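**Q** This is the structure I want to talk about, given as structure tokens.
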Amino acid sequence: MDYKQQIADILSEKTGLDRENILKLVEIPPKQDMGDYAFPCFVLAKTLHKAPPVIASEIAPAIDVTGTPFKVKNVGPYINFFIDRSALASDVVGRIVAEGDDYGSSETGAGKNVIVEYSSPNIAKPFHVGHAFTTILGNSLSRIYRKLGYNVIRMNHLGDYGTQFGKLITAYRLWGDEEALNKDPIGELLRIYVKFHQEEKKDPSLTTSARENFRKLEEGCPEEVELWQKFRDMSLVVFNQLYRRLGVEFDNYNGESFYSDKIPEIVDILNEKGLLVESEGAKVVMLDDEGLPPCIILKSDNTTIYASRDLASALYRYRTYNFDKNIYVVGGTQALHFKQVFAVLKKAGFDFADNCEHVAFGLVKFKGMTFSTREGNIVLLEDLLDEAVSKTREIIVRNAEERGQDMSEEEINDISEKLGIGAVIYTYVKSGRERDIVFTWEDMLDFNGDTAPYLIYTYARTRSILRKASDSGITGIENADLTVLTGDDEYALIRALSELPESIVKAASSNEPFMIARQISEIARAHNRFYNNSNILNCDDEKLKTARLALCDAVCTAIREGLDLLGINVVERM
Ligand code: ARG
């Protein structure tokens, strides 16, 4: 149960203010002795014609707390609510132990469809660290929505169409190397694409040939379609390896090509509504009244364009899924594009445009890191992952040596892969998404910092305490008397645990996974303070020992579940 909500209920009944209003006003006092929540009475002064301290002194004693975990006291103009520690411990820890992985899940989204479009790389182009941002964010968001009961449709809007495929077909026929293509599809496709642009400067007939080939592709000519299909399939093999490594999945890969035959209908609709106008040979929708540049729908040679494919895609998504929300996880550099697309939909009378949202993110930067990148100055995700895993491996091996720990090669590899990839993913989701990310090895692999290795290490160490407890025959953790968990460190930790469900709700409403990252990071910090200051396995008091073990179990559940929502796997020992 959310304590703030409970307080809002109580206060709403007593004051007649509406709950939403109260929820906005309730504060968390800076000091523990001022209570856990405080309600300032200033808003009531006008209607009640009394001074706020007088109001507080009249309301506080009149609140009936039976059946709640609260004690109430007025201090100055505030009504302060103190949570009863025993009641809180039984409630929160009891619930986590009982619910396990379901802790924090809800049915809010039952019966509602949410489309999360993410990753959407371009076929035949390297998968770089910017595509990793959308892939990781989108994966996390789809997990978060699912946790809240939504039916999530994960879409990969592949960049598999457009004039560049005409160029690739021309280039492949001239310079393509089948063997190289099989070995390193994207490397080879990039090579001939770059060559095309170099040669095109000297030989303008290449431009004509490329345009011709794209036209044939749009018309469905079998030879061009076959080549395009081959480029697409081979690129997907490469992308799928990365997706598997990141634990990312999709429900469909309806890329831009999928919508090309659905564009005539869009053109008809826009025509009927009188929205389509001619401009320099192209067909556009004017968006002056929205303060936006015109949106091009058809180019002067009548071929389709990125925006028209997005219009067709939005309509298709609406008809197929009747979505409650249609989310595009795409870089902030495309903000204007999405504003235009949504504005055109709205002008055409599609009210579902209001349920479409561009979830933008920042740029990816590196400090003091070099990569053996094969493709110019962009950083490939594969290189970032490989480097992260190999650096993690060095740390794991060193730590194991220092501790005199015996680990099999297989174990070292498994832990390094999970921690290294976790460290990369966590760096993408630990801050507000619109901020640029700066990767440094020191920050990312700091086992004491705000990192995935720190969280996973905290988890694994706590699991090891629980294993030791069970090995030494301790039982009854599920039925422990949790009311004894009232110490300051225990209380702070339990408070942090109690806030996880709300952080999930907030992460969904703002499409910001970092809210969960921040919460589990706080849980881990609070847990480590508790762990360092208290006896757990050596606790003399048997009742307290069992309760503390239950608390450890709850911490493990919370960290594992929280990380899972970010798309990160834990390890059981390290
Ligand atoms: N393929 C594009 C790119 O790599 C991103 C596609 C974004 N999604 C969309 N529906 N337009 O830049």
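**Q** Check cross-link reach from LYS283 to the lysines: straight Cα distance under 16 Å, and skip same-chain residues fewer than eight apart.
**A** Hits, sequence-local ones excluded: LYS273, LYS299, LYS347.
**Q** If the viscosity is 0.692 mPa s and the temperature 37 °C, what translational diffusion coefficient in µm²/s does Stokes-Einstein give for the range 207-257 when Rh comes from Kirkwood over Cα pairs?
**A** Working: Rh = 12.7 Å.
Calculated translational D: 258 µm²/s.
**Q** Calculate, in nm to one decimal, what GLU478 and TYR316 gain on full extension: separation in residues at 0.36 nm each, minus their alpha carbon distance. Don't skip to the end; give the middle numbers.
**A** Values: separation 162, 0.36 × 162 = 58.32 nm, distance 4.93 nm.
Value of the extension gain: 53.4 nm.
**Q** LYS73 to ARG461: FRET efficiency via 1/(1 + (r/R0)^6), r the Cβ-Cβ distance, R0 35 Å, to the nearest 0.05?
**A** Values: r = 39 Å, r/R0 = 1.12.
For R0 = 35 Å, the calculated efficiency reads 0.35.
**Q** Let me ask something else. Expressed as a whole percent, how much of the Cα-Cα distance distribution for the range 72-145 exceeds 17 Å?
**A** Taking all Cα-Cα pairs of the range 72-145, the fraction more than 17 Å apart is 70 percent.
**Q** Moving to a separate point now. If all Cα-Cα distances of the range 124-185 are sorted into 5 Å bins from 0 onward, what percent lands in each bin, rounded to whole numbers?
**A** 4, 13, 15, 17, 14, 12, 10, 8, 5, 2, 0
**Q** Please return the longest range in the chain lying between exposed loop sites, taking GluC sites (Glu not before Pro), DSSP loop only, at most 14 other beta-carbon atoms within 10 Å, and leaving the sites out. Working shown, then result.
**A** Values: sites that count: GLU107, GLU249, GLU280, GLU434, GLU572.
With GluC sites (Glu not before Pro) excluded where exposed in loops, the chain gives 281-433 as its longest stretch.
**Q** Give the Kirkwood hydrodynamic radius (Å, one decimal) of the chain, defined as one over the mean of 1/r across all pairs of different Cα atoms.
**A** Values: mean 1/r = 0.0367 Å⁻¹.
Every distinct Cα pair counted, the radius reaches 27.2 Å.
**Q** How big is the range 493-560 by the Kirkwood estimate over distinct Cα pairs, in Å?
**A** Values: mean 1/r = 0.0783 Å⁻¹.
Value: 12.8 Å, from the Cα pair sum.
**Q** Just subtract the alpha-carbon distance of ASP203 and ASN271 from 0.36 nm times their residue separation and send over the number in nm, one decimal. List each step's numbers first, then the result.
**A** Values: separation 68, 0.36 × 68 = 24.48 nm, distance 3.86 nm.
Stretched fully, the ASP203-ASN271 segment lengthens by 20.6 nm.
**Q** Would you mind estimating how fast the range 214-332 diffuses translationally, via Stokes-Einstein at 4 °C and 1.567 mPa s with the Kirkwood radius over Cα pairs, in µm²/s?
**A** Values: Rh = 16.7 Å.
Result for D is 78 µm²/s.
**Q** What is the distance in Å between the Cα centres of the range 259-300 and the range 83-98?
**A** One Cα centre to the other: 58 Å.
**Q** Right, something else. With the Cα gyration tensor of the range 12-83 in hand, convert its eigenvalues to equivalent ellipsoid semi-axes via √(5λ) and list them largest first in whole Å. Write down the numbers at each step before the final one.
**A** Numbers: eigenvalues 64, 37, 32 Å².
For the range 12-83, the ellipsoid semi-axes come out as 18, 14, 13 Å.
**Q** Loop only by DSSP, 13 or fewer other Cβ within 10 Å of the Cβ. Give me the trypsin sites (Lys or Arg not before Pro) in the range 1-67 that pass, ordered by residue number.
**A** Values: sites: LYS4, LYS14, ARG19, LYS24, LYS31, LYS46, LYS50; in loops: LYS31, LYS50.
Those that pass, being in a loop and sparsely packed, are LYS31.
**Q** Could you tell me how far the Cα centroid of the range 26-64 sits from the Cα centroid of the range 373-436, in Å?
**A** Each part's Cα centre sits 50 Å from the other's.
Only the coordinates and a few stated rules stand behind these numbers; no lab work does. Fair warning: this is a prediction, and the values are worked out from it, not measured in the lab. Please note: Cβ atoms are built from the backbone with ideal geometry, for glycine as well, and neighbour counts cover all protein chains shown.
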